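Undergrad: Just passing along the structure, written as structure tokens.
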Amino acid sequence: RIAGLPASSRTISVTRKGYLTGTTTITMTGDTELDIRLERIESYVLSGVVFEITDAGRVPLEGVELYCDSCGSPDGHTYVYTSADGFYSLEWTANGVHPLFVTKAGYEIFDPNGMRDAIGRISATVRGNTTLDVQLVRRSPAP
């Protein structure tokens, strides 16, 4: 309820976390009742396994930190850590490209094609529920 508005045309916008903004233009000539339908933002799950390749084959890595600035709750800024089986899951992820920091002490992202950006992030392209496995390699000791 908004009281004391003079008769006129105006645009009304309604926002709520997790929903698209609902906007409509109305002309008020007196008391007016208005319904605005909000649509939930479509979100998906970005998940996968972080691993390394050893002589024994593909080995999952526990305790790897993944940070996504645009994943998670409607506010983003989500950190998750891999489980004992190397699994991670970022919920509330919209379709599109999401930069990810993937870090574990003593490791770096295996990146034979130079896909990391200038600050070390990789990009995850989300189209619906998406699986992205990430390979890490042990850092070479400094000379």
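The values are calculated or read from the model by the stated rules, or taken from the named source; none is laboratory data. If you're wondering where the values come from, they're calculated on a predicted model, not measured in any experiment. With ideal geometry, Cβ positions are generated from the backbone for all residues, glycine too; neighbour counts draw on all protein chains shown. When the accessible area is computed, the model is the full protein with side chains, heavy atoms only, and any ligands, DNA or RNA have been set aside. Shrake-Rupley method; radii C 1.70, N 1.55, O 1.52, S 1.80 Å.
Undergrad: By how many nm would the segment from D35 to T103 grow when fully extended, if each residue of separation counts as 0.36 nm and the alpha-carbon distance is taken off?
TA: 19.8 nm
Undergrad: Something else: As I understand it, the dipole of region 1-128 uses +1 on the Cβ of Lys and Arg and -1 on the Cβ of Asp and Glu, about the Cα centre. Which of T25, T15, V50 lies farthest toward its positive end?
TA: Farthest along the dipole direction, towards plus: T25.
Undergrad: Let me ask something else. Just to make sure I understand: if all protein chains stay in place, what is the order of V59, V50 by accessible area at 1.4 Å, largest first?
TA: V59, V50
Undergrad: Take the Cα of T125, step 7 Å along the line toward its Cβ, and report every residue of region 65-102 whose backbone nitrogen sits under 19 Å from that point.
TA: The answer is 70-71, 93-101, whose backbone nitrogens lie closer than 19 Å to the label point.
Undergrad: What's the magnitude of the charge dipole for the chain around its Cα centre, counting Lys and Arg as +1 and Asp and Glu as -1 at the beta-carbon? Answer in Debye, nearest 20.
TA: Roughly 280 debye, rounded to the nearest 20.
Undergrad: List the residues whose amide H sits under 5 Å from the amide H of R121, counting only those 5 or more places along or on another chain, with H placed 1.01 Å from N in the peptide plane.
TA: Answer set, sorted by chain and number: none.
Undergrad: Largest first, what is the accessible-area ranking of M115, M28 with a 1.4 Å probe?
TA: M115, M28
Undergrad: On alpha carbon coordinates alone, what is the Rg over Rh value for region 1-44, Rh being the Kirkwood radius?
TA: 1.08
Undergrad: State, to one decimal in nm, how far the label point of A56 lies from the label point of M28, with both points 7 Å from Cα in the Cβ direction.
TA: Between A56 and M28, the simple spin-label model gives 6.9 nm.
Undergrad: Between T25, T93, T82, find the one with the highest GNM mean-square fluctuation for the chain; connect C-alpha pairs within less than 10 Å.
TA: Taking springs between Cα atoms under 10 Å, the residue moving most is T25.
Undergrad: So what are the ³J(HN,Hα) numbers for region 56-69, from phi and the Karplus equation (6.51, -1.76, 1.60; θ = phi - 60°), rounded to whole Hz, Gly and Pro as x?
TA: Running phi through 6.51 cos²θ - 1.76 cosθ + 1.60 with θ = phi - 60° gives 7, x, 6, 10, x, 10, 8, x, 6, 8, 10, 10, 10, 5 Hz.
Undergrad: Give me a comma-separated list of calculated 3J(HN,Hα) values for region 99-114, in order, Karplus coefficients 6.51, -1.76, 1.60 applied at θ = phi - 60°, integers in Hz, x for any Gly or Pro.
TA: x, 10, 8, 10, 9, 8, 3, x, 10, 9, 5, 6, 9, x, 9, x
Undergrad: With no solvent and one point per C-alpha, what does the Debye sum give as log10 I(q)/I(0) for the chain at q = 0.11, 0.19, 0.20 Å⁻¹?
TA: At q = 0.11, 0.19, 0.20 Å⁻¹ the computed log10 ratios are -0.55, -1.09, -1.17.
Undergrad: Long-range amide H contacts for S89: which residues qualify at under 5 Å (H placed 1.01 Å from N, peptide plane, sequence gap of 5 or more or a different chain)?
TA: Amide H to amide H, under 5 Å and 5 or more residues apart or across chains, S89 pairs with nothing.
Undergrad: Ignoring everything but the protein chains, give the 1.4 Å probe accessible area of E42 in square angstrom, nearest 10.
TA: We get 130 Å² for E42.
Undergrad: Tell me the per residue accessible area of the chain using a 1.4 Å probe; a whole number in Å² is fine.
TA: 67 Å²
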